[in-house]
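> Just dropping this structure here.
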């Protein structure tokens, strides 16, 4: 497993980590895979054994995909309506199909990029020390004393 000592010599480059995540590879080594299934993040990298069990991509990938696909589809619809006269049936067939295809194609890539971003910024346990919700388990607050 990756230890804090081994990450001192290996800086976590933001752009490289995100690019590795975009293609579905481990943000640490770039060799192993992030996903076991379509969107299921593996508990650890098969190559370097980096722990991914604590990643929290949650809804951010879906929001980013919604933003990207919405701009492409609505921009395309507005352009077509401005310059051409398509039959309504073409719109009914093209735009929902394009939305579905783009969403399904982008979602795992964006989720991989978000996991790479979290790893690079040492968020949610990737720093190998408690942070956020986990810190409260290890450090009692003043209200509990």
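The values are calculated or read from the model by the stated rules, or taken from the named source; none is laboratory data. Bear in mind that the values here come from a model prediction, so they are computed numbers and not experimental data. Glycine also receives a Cβ, built like all others from the backbone with ideal geometry; neighbour counts cover every protein chain displayed.
> Please work out if residue 72 is part of a helix (DSSP H, G or I), within 29 Å of residue 18 (Cβ to Cβ), touching a helix residue (DSSP H, G or I) at 6+ places or on another chain (Cβ under 9 Å) and at pLDDT 95 or above.
Details: part of a helix (DSSP H, G or I): yes; within 29 Å of residue 18 (Cβ to Cβ): yes; touching a helix residue (DSSP H, G or I) at 6+ places or on another chain (Cβ under 9 Å): yes; at pLDDT 95 or above: yes.
Yes, satisfied.
> Test each condition in (1) modelled with pLDDT under 80; (2) in a helix (DSSP H, G or I) for residue 125 and report the one that comes out false.
Among (1) modelled with pLDDT under 80; (2) in a helix (DSSP H, G or I), residue 125 violates only (2).
> Does at least one position in segment 6-18 carry a residue that is crowded, with 16+ Cβ neighbours inside 10 Å and modelled with pLDDT of 85 or more?
Yes, there is a match, as at least one residue in segment 6-18 is crowded, with 16+ Cβ neighbours inside 10 Å and modelled with pLDDT of 85 or more.
> Here's a follow-up. Of all residues in segment 77-108, which are assigned to a helix (DSSP H, G or I) and exposed (fewer than 10 other Cβ atoms within 10 Å of the Cβ)?
82, 83, 88, 89
> Right, next: Going by the structure shown, is residue 112 modelled with pLDDT of 90 or more, part of a helix (DSSP H, G or I), within 19 Å of the chain's Cα centre (by Cα) and farther than 27 Å from residue 36 by Cβ?
Values: modelled with pLDDT of 90 or more: yes; part of a helix (DSSP H, G or I): yes; within 19 Å of the chain's Cα centre (by Cα): yes; farther than 27 Å from residue 36 by Cβ: no.
Answer is no for this residue.
> Same structure, new question: Name the residues in segment 36-59 that are surrounded by fewer than 16 Cβ atoms within 10 Å (Cβ to Cβ), under 18 Å from residue 106 (Cβ atoms) and under 11 Å from the mean Cα position of the chain (by Cα), would you?
Of everything in segment 36-59, those that are surrounded by fewer than 16 Cβ atoms within 10 Å (Cβ to Cβ), under 18 Å from residue 106 (Cβ atoms) and under 11 Å from the mean Cα position of the chain (by Cα) turn out to be 39, 58, 59.
> Select, from 117, 106, the only residue that is modelled with pLDDT of 95 or more, in contact with a helix residue (DSSP H, G or I) (Cβ under 6 Å, 6 or more places away or on another chain) and under 29 Å from residue 29 (Cβ atoms).
Among 117, 106, only 106 is modelled with pLDDT of 95 or more, in contact with a helix residue (DSSP H, G or I) (Cβ under 6 Å, 6 or more places away or on another chain) and under 29 Å from residue 29 (Cβ atoms).
> Would you call residue 54 at pLDDT below 85 and at negative phi?
Yes.
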